[in-house]
Structures are given as structure tokens and as C-alpha cells.
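A.B. asks: Please find one structure pasted underneath; my questions will follow.
Derivation of every value follows stated rules applied to the coordinates shown; laboratory data play no part. The structure displayed is predicted, hence computed values, not measured ones. All Cβ positions, even for glycine, are placed from backbone atoms using ideal geometry, and neighbour counts span all protein chains on display.
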Amino acid sequence: MPLSAQAQAQSAQKPKWTLVIHGGAGIIEKGRVTPEQEKGIAAGLNAALDAGSKVLAGGGSSLDAVQAAVQVLEDDPHFNAGRGAVFTWDGRNELDAAIMDGRNRAAGSVAGITTTRHPVAAARAVMEKSPHVMLSGAGADQFAREQGLEQVENSWFATPERRKQLDKMKANDKLGWFDVDLKYGTVGAVAMDQDGHVAAATSTGGLTGKRWGRIGDAPIIGAGTYADDRACAVSATGAGEFFIREGVTHEICARVRFRGETLQAAAETVMAEVKALGGTGGVILTGPNGEMAWTFNTPGMYRGKASSSGDRLVAFYGEE
Ligand code: ASP
């Protein structure tokens, strides 16, 4: 049967591939971010968009694209993931990451790892090379090492800026709950590839001053990271405890799948529920039809998007 004019128009509009990334949400306002920081953060987001777009434009998988984009951000000290991760109360860096494949809902994640250079690569190895979904601590690093993933000293992740944030938190004698500057620098990426499959990845150092082995939402499948070809791919950033309680990324996908909501509507509803619980942060999304969306209930979110249709944007603040 010939396609209707409307269906033809829709398929002509549908991008062949999409990529959306974030570098954290929080009190990100004009005047608070120095021009120098703005430049560095924009360069990092652009490099991540370039890395992911290259994979997708070349016909690569959404899984490879989200990993490529996140690894760029893990290496960039401007973001709270990999190098540049926030410090724990004990002055170390403990990293969480997850990745998920929308084709079959295969997933892998790591929590509290300390020596694997690219935590998202460790998550991918858990997904593909182990019978498990989630590994933690020294065992997860050992697994990553056995898989041949690059290992570094824990000090490789440390930066003077993050050390200062920990010192400031301790000097203020604040309990180590949330980031002193209320800025969550977690990174994430979601993508749709030319075969119409979606994937999501998230990577973070968690919260400044975290202790007692605290784990956030990023490595918890369905909280900070989720991908399902029947709905969409989502990566979150924000006060992880609230995202875990709400089951944010799965909840968004469920609304899309069962209620047929747009990604934007589903994300806004679920983020309003997070806010009602007292949580702040944001999410990025893309769906198998090439829809792209984001929303945040903080003043800003470092974010960017690109697509085969020529979308290309890097933004920091609200209303951009
Ligand atoms: N969601 C992360 C966590 O709670 C923090 C962040 O987004 O920066 O660990």
C-alpha cells in the first residue's frame, strides 16, 4: 500500500540519527560561570557531540555513539565524571556509570570504582562480557582490569578544583549530602542510530563529600539510565536519591510506552514528581522516531544535541 502523504512527510522529516548529551544540571546561571569556564565546557560538549556524531554518521550503533561521547566527557576535567570527578568525604574519587541497549534492554553498570579510566567502558564490559548487570567496588575494577580496560592510579581522577569544593564543604561543616555549589556535573548521552535503535549511558563521580559507599542514581538501571526501543532512551543528572525513589528513567519510558505520551510530556511530568519530592536535576531523551527532548528543574543544565537533519546546539542556561 502506498504511504499516505502524511506518513511520507513524517518519514522525510525523521532524522536518520540523533544524539543528545548532558554535562550536569544545577545552579548554572549567567554570571556564576566564568567566560573561561564557559569556553571549556562548551568545547567539551562540542567534542563529545563530534565523537558521537562521527559514529552515527558512519552507520555505527547508538551504543558505540553514547560510549564515545561519554568517554570524551570522562576525560574532560570540567565534568564530574572520570577525570574531574568530585571527592568523597575521605578524599578519594569513586565513580559510577551505566550503559543500556534499547534493542534488547541489555544493561551494564559499575558503582564505586576507583581505578578504571573510563567507567562507561567498564559498564559496557559488564553488559557484554559478564553474566551480570551491576558490579561494585574493587571487584568491578578487577573485572575491568581482567577485560583489559585501562587502569590508572586513583589520583589520576583528582583535580585541584574538586579538592577545593570538598575543603569548602568541610569548612562549612555541612553534612556531605549535596554538592556545595548545587551543581551536578554528571555526564550522559542518548542516541538513535540509523537502524532506529536507541541507547543511553551515564557516568558520574556522584556527590561531593559522599561517604559510607554511597551510590547514586546513575548506575541504577531505571533510575539514572534507561533505554528501550519500544519507548526511548533517557539519561539523568541531579540529586540521585530522588531519582532512585522515583525510578525516573524507567518511569518516563513507561509513560511513553503505555500512555503514548511524547518524550517531552513524559519527562516533564516525571520531573515535576521529582520536584514534589524535593529533588532537582534534569534528563535528556531521544526516541526511535528521532524525537529529541530535555527538561530540567534547575536554573541550568549543560547540554547539547546533534542529528543527521542538521540539529546542532550546545546550551547551558534555561530558555536557550
Ligand atoms: N546524579 C548524580 C548522583 O546523584 C549526581 C549528578 O548528577 O551530578 O550521583
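A.B. asks: Report the charge-dipole magnitude of the stretch 152-306 in Debye, nearest 20, computed about the Cα centre from +1 at each Lys and Arg Cβ and -1 at each Asp and Glu Cβ.
C.D. replies: Its charge dipole is roughly 560 debye.
A.B. asks: Testing the spin-label approximation: label points 7 Å from Cα along Cα→Cβ at residue 172 and residue 90. State their distance in nm.
C.D. replies: If labels sit at residue 172 and residue 90, their model points lie 2.4 nm apart.
A.B. asks: Can you tell me the 0 to 90 degree angle between the C-alpha axis of helix 137-146 and the longest principal axis of the chain, rounded to 10?
C.D. replies: Around 60 degrees separate the two axes.
A.B. asks: Let me ask you something else. From the square roots a ≥ b ≥ c of the eigenvalues of the alpha-carbon gyration tensor of the stretch 34-148, which class results: rounded (a/c under 1.5), prolate (a/b over b/c), or oblate?
C.D. replies: It comes out oblate by the Cα gyration axes.
A.B. asks: Need one number: nm distance between label points at residue 129 and residue 46, each 7 Å from Cα along Cα→Cβ, rounded to one decimal.
C.D. replies: 3.5
A.B. asks: In addition: Gain in length, residue 313 to residue 36, computed as 0.36 nm per residue apart minus the alpha-carbon separation, to one decimal in nm?
C.D. replies: So the extension gain works out to 97.8 nm.
A.B. asks: 5 Å is the cut-off here: which amide hydrogens, built 1.01 Å from N in the peptide plane, fall below it relative to residue 184, excluding neighbours closer than 5 in sequence?
C.D. replies: Excluding prolines and chain starts, which carry no amide H, the hits are 25, 26, 27.
A.B. asks: Could you give me the ³J(HN,Hα) list for the stretch 292-298, computed from phi with Karplus coefficients 6.51, -1.76, 1.60 and θ = phi - 60°, whole Hz, x at Gly and Pro?
C.D. replies: Taking θ as phi minus 60°, the curve returns 10, 7, 8, 7, 8, 10, 10 Hz for the stretch 292-298.
A.B. asks: In addition: Apply the Karplus curve 6.51 cos²θ - 1.76 cosθ + 1.60, θ = phi - 60°, to the phi angles in the stretch 55-64 and return the couplings in whole Hz, x for Gly and Pro.
C.D. replies: 4, 5, 5, x, x, x, 7, 4, 4, 5
A.B. asks: Okay, helix-only estimate at 222 nm for the chain: each DSSP H run of n ≥ 4 adds -39500 (n - 2.57), divide by all residues, round to 500 deg cm²/dmol; what do you get?
C.D. replies: After summing the helix terms and dividing by the residues of the chain, the value is -11000 deg cm²/dmol.
A.B. asks: From the residues 278, 313, 203, which one has its Cα farthest along the dipole of the chain in the positive direction, the dipole being from +1 and -1 charges on Cβ of Lys/Arg and Asp/Glu about the Cα centre?
C.D. replies: Among 278, 313, 203, the one farthest towards the positive end of the dipole of the chain is 278.
A.B. asks: For the chain, what log10 I(q)/I(0) values come out of the Debye formula at q = 0.08, 0.15 1/Å, with one point per alpha carbon and no solvent?
C.D. replies: -0.31, -1.12
A.B. asks: Which far-off residues, 5 or more places away or on another chain, put their amide H under 5 Å from the one on residue 199, with H placed in the peptide plane?
C.D. replies: 102, 191
A.B. asks: Got a sec to turn the phi values of the stretch 226-238 into Karplus ³J(HN,Hα) couplings, 6.51 cos²θ - 1.76 cosθ + 1.60 with θ = phi - 60°, whole Hz, x for Gly and Pro?
C.D. replies: Coupling constants for the stretch 226-238: 7, 8, 8, 4, 7, 9, 6, 10, 9, 10, 10, 8, x Hz.
A.B. asks: Just to confirm a number: summing +1 for Lys and Arg and -1 for Asp and Glu over residues other than residue 119 whose beta-carbon lies under 9 angstrom from that of residue 119, what do you get?
C.D. replies: -1
A.B. asks: Counting only chymotrypsin sites (Phe, Trp or Tyr not before Pro) that are in a DSSP loop and have at most 14 other C-beta atoms within 10 Å, tell me the longest site-free stretch of the chain.
C.D. replies: Longest run free of exposed loop sites: 1-176.
A.B. asks: Want the number for residue 272 to residue 230: 0.36 nm per residue separation, take away the alpha-carbon distance, what's left?
C.D. replies: Extra length from residue 272 to residue 230 when fully extended: 12.8 nm.
A.B. asks: Going by how many other beta carbons lie within 10 Å of each one, how would you line up 237, 159, fewest first?
C.D. replies: With the sparsest Cβ surroundings first, the list reads 159, 237.
A.B. asks: Alpha carbon centre of the stretch 245-320 versus the stretch 116-169: separation in Å?
C.D. replies: Cα centroid of the stretch 245-320 versus Cα centroid of the stretch 116-169: 27 Å apart.
A.B. asks: Just to confirm a number: summing +1 for Lys and Arg and -1 for Asp and Glu over residues other than residue 72 whose beta-carbon lies under 12 angstrom from that of residue 72, what do you get?
C.D. replies: -2
A.B. asks: Moving on. So if R0 is 35 Å, what FRET efficiency would residue 145 and residue 212 give, r being the distance between their Cβ atoms, rounded to the nearest 0.05?
C.D. replies: 0.90
A.B. asks: Angle check, please: helix 263-277 long axis (alpha carbons) against the longest principal axis of the chain (alpha carbons), in degrees 0 to 90, nearest 10.
C.D. replies: 30
A.B. asks: Which FRET efficiency value, to the nearest 0.05, do you get for residue 289 and residue 29 by plugging their Cβ-Cβ distance into 1/(1 + (r/R0)^6) with R0 = 30 Å?
C.D. replies: 0.35
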